[in-house]
Amino acid sequence: MAEPPPKKTTIAIIGGGIAGPFFALTILSHPLLSRLYKPVIYERLPEENEAGGAAVALTSNALFPLYELGLKDALNAISCETQRILISRSFPPSPSPQSQEQDRSVPVGGSETRSAGKQLNQILHPNWHSDLSTCLRVVERAALQSLLLDRVRELGGEVVWERSLCSVERVDDGEGVKMLFQGGIEERAGLVVGADGGWSFVRKLIVASKTTPTSLSKGKGKVEGKEEEREMEAQRKSWSPAFAGADAIYGISRRVERSGDREGEGEEQREGDTHWVFLNGGMGSTWALREGKVFWTLTFFTKTPPERKSATATRRGDGEGKSNLYGASVSLGGYSLEETQKVLEKYENAWHPTAGTFGNLLQNSERIVRTPLYSRAWEAEEIAGENMVLIGDASRLMLPTSGQGACFAIEDATVLANALLNNPPSSQTSELDFSAAISAYTSARIPRSKSMTKQSYWTGVVMSWVDTWWLRWFVDLSTTWLPSGDPKLSKEKPKDPMGWVYDQRYKVELREEDGSSDG
């Protein structure tokens, strides 16, 4: 008589963006992990929502795990391969005499109302890797999310919508933890994986669980009350991301048709073209999508972030600021509609090499998203607790200058799945203990996260937000010196300063006897 299959341990995944569904899919696609674990995704938002941004760029370090799960054809069908990146400088449309005197390197356009710019350099076949036969690819975030969730459901995974987590409590019955959701709903799981974004509620629970409430064991005197306040403030600092002094507005635009009637305009937009445009006090970019659409971004210096809503409202999704500008739906990210409109008006006449101006992109947008930018790589003790661990933006927040937010989320999911495969929960006691797997995961991810977070921050500062004439001159000159060869045609792979990121190939595989493993 055949033995019954072992009871699967439930892994509760909090968050249904990119990191959570990819982790669930990695578990479900593996022959051994799928026998041991049952991933369940809990998402606070309804199934039909506009959260999660506009589009993402996927480089080779993320494409490899996606292709390993058999998603190559499906992903290539919904994404656009970037064939070249053209880097340009946009000049102010109407500089004042004083600014001209200070900055002789900035020419004036045909008139005070006309914008102008010039191309500085180009990168051919960016991130080309012969083992994948593709350059970097750009995909609408919603399309990637749908692809992952559909595959999860096809393999028997469960997705629960409109389920907001309130608390997690360790239980002593050998089943791991008890979760309480809004509405009084209780669920059990062996492991909780927080994939709930930069303001992760799971991270808040982890940090709170490691703070000793000294005032609770004493009287309620003034001294103890002050100690409790200090502990709460320490928790807040440990949990919260750090504002990077900038924010971003980005969106999806329909194909822009226009004539080249301005200085520097009239360039042909080829399929797969990406444009990086240096602006005075900011950075703009456009990325080719499928069906002629364009993913555009604007990043710029901001002194203070918007005031955040209460934690409860944030988890419910209340007050997220949906509105309308340029005929497009707008997610305001806590900012006001009026202030956001004023910001966008400043960039309407900013030069773009193929669209003419960024205003043409705005006028043709389907949706617009504004968000303050935060940057932080949390420590191991802040992203891992008893039977709780974080992946994706919940474990680190990087500036968009890295282009690695979604890529590192996919890396996280792969490394965590590999850690579970090679470090099964301890069976020495009746309790489920995932500490070995969690430790292996954080040891592998923390150093890499810190390096990428730091690099993306300083890249943003130098290239986008420090607005002085001499730094603009230095950035432009440095850009012209970038190597412009074609890696696709090169017999030898050119040395890439970002090779430490792009050349990584994470896998889910059992360690060899000598202890080695690619994952």
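The values are calculated or read from the model by the stated rules, or taken from the named source; none is laboratory data. As the structure is a prediction and not an experimental result, all values here were calculated from the model. Using ideal geometry, Cβ is built from the backbone for each residue, glycine included, and neighbour counts are taken over all protein chains shown. Heavy atoms of the whole protein, side chains included, go into the accessibility calculation; ligands, DNA and RNA do not. Shrake-Rupley method; radii C 1.70, N 1.55, O 1.52, S 1.80 Å.
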Could you list, in sequence order, the residues of the range 126-160 that are touching an Asp or Glu at 6+ places or on another chain (Cβ under 6 Å) and β-branched (Val, Ile, Thr)?
THR134
Whether any residue in the range 414-424 is in a loop (DSSP other than H, G, I, E, B) and within 24 Å of ARG170 (Cα to Cα) is what I want to check.
yes
Being on the phi > 0 side of the Ramachandran plot and either open to solvent by 60 Å² or more (accessible area, probe 1.4 Å) or modelled with pLDDT under 90 (or both): is that true of GLY225 here?
no
Residues within the range 172-206 that are among the aliphatic types (A, V, I, L, M) and either farther than 25 Å from LEU28 by Cβ or open to solvent by 30 Å² or more (accessible area, probe 1.4 Å) (or both), tallied:
4
Of all residues being crowded, with 21+ Cβ neighbours inside 10 Å and over 12 Å from LEU71 (Cβ atoms) in the range 130-139, which is nearest to the chain's Cα centre (by Cα)? Just the residue, please.
VAL138
Can you name the number of the only condition in (1) modelled with pLDDT of 90 or more; (2) of a type in the set (A, V, I, L, M); (3) open to solvent by 40 Å² or more (accessible area, probe 1.4 Å) that LEU216 fails?
(1)
Could you pull out the residue among GLU175, GLU186 that is in a loop (DSSP other than H, G, I, E, B) and over 18 Å from GLU382 (Cβ atoms)?
GLU175
GLY392 vs. criteria at pLDDT below 90 and surrounded by 24 or more Cβ atoms within 10 Å (Cβ to Cβ):
no
Here's a check for you: in the range 402-459, which residue that is out of contact with any strand residue (DSSP E or B) (no Cβ under 6 Å at 6 or more places or on another chain), among the β-branched types (Val, Ile, Thr) and touching a residue at least 12 places away in the same chain (Cβ under 8 Å) is most open to solvent (accessible area, probe 1.4 Å)?
THR459
Give the residues of the range 470-490 that are farther than 18 Å from ASN280 by Cβ and acidic (Asp, Glu), sorted by residue number.
ASP486
If you take the residues in the range 460-484 that are under 27 Å from GLN504 (Cα atoms) and in contact with a Ser or Thr (Cβ under 8 Å, 6 or more places away or on another chain), which one is surrounded by the most Cβ atoms within 10 Å (Cβ to Cβ)?
GLY460
Cβ pairs under 9 Å, 6+ apart or interchain, first in the range 151-179 and among the β-branched types (Val, Ile, Thr), second open to solvent by 60 Å² or more (accessible area, probe 1.4 Å) and in a loop (DSSP other than H, G, I, E, B), ordered by first then second residue, are VAL159/GLU47; VAL171/GLU431; VAL177/GLU386
Sole residue being in contact with a helix residue (DSSP H, G or I) (Cβ under 8 Å, 6 or more places away or on another chain), among the hydroxyl-bearing types (Ser, Thr, Tyr) and modelled with pLDDT under 95, chosen from SER105, SER115, SER90:
SER105
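Inspect all residues belonging to the range 237-253 and state whether any of them is among the acidic types (Asp, Glu), at pLDDT 90 or above and in contact with a Lys or Arg (Cβ under 6 Å, 6 or more places away or on another chain).
Checking the range 237-253: not a single residue is among the acidic types (Asp, Glu), at pLDDT 90 or above and in contact with a Lys or Arg (Cβ under 6 Å, 6 or more places away or on another chain).
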Report, ordered by the first and then the second residue, all pairs with beta carbons closer than 6 Å, sequence separation of six or more or different chains, a first member in the range 493-511 that is assigned to a loop (DSSP other than H, G, I, E, B), and a second member that is at pLDDT below 85 and open to solvent by 70 Å² or more (accessible area, probe 1.4 Å).
LYS507/ASP518
Pick from the range 142-171 the residues that are modelled with pLDDT under 95 and charged (D, E, K, R): which of them is most open to solvent (accessible area, probe 1.4 Å)?
GLU169
Which residues, counting only those in the range 360-383, are open to solvent by less than 10 Å² (accessible area, probe 1.4 Å) and either out of contact with any strand residue (DSSP E or B) (no Cβ under 7 Å at 6 or more places or on another chain) or assigned to a strand (DSSP E or B) (or both)?
LEU362, SER365, ILE368, ARG370
Candidate set from the range 311-327 (those that are farther than 19 Å from ARG163 by Cβ, at pLDDT 50 or above and not in a strand (DSSP E or B)); member that is least open to solvent (accessible area, probe 1.4 Å):
GLY321
TRP465: of a type in the set (Phe, Trp, Tyr) and at pLDDT 85 or above, yes or no?
no
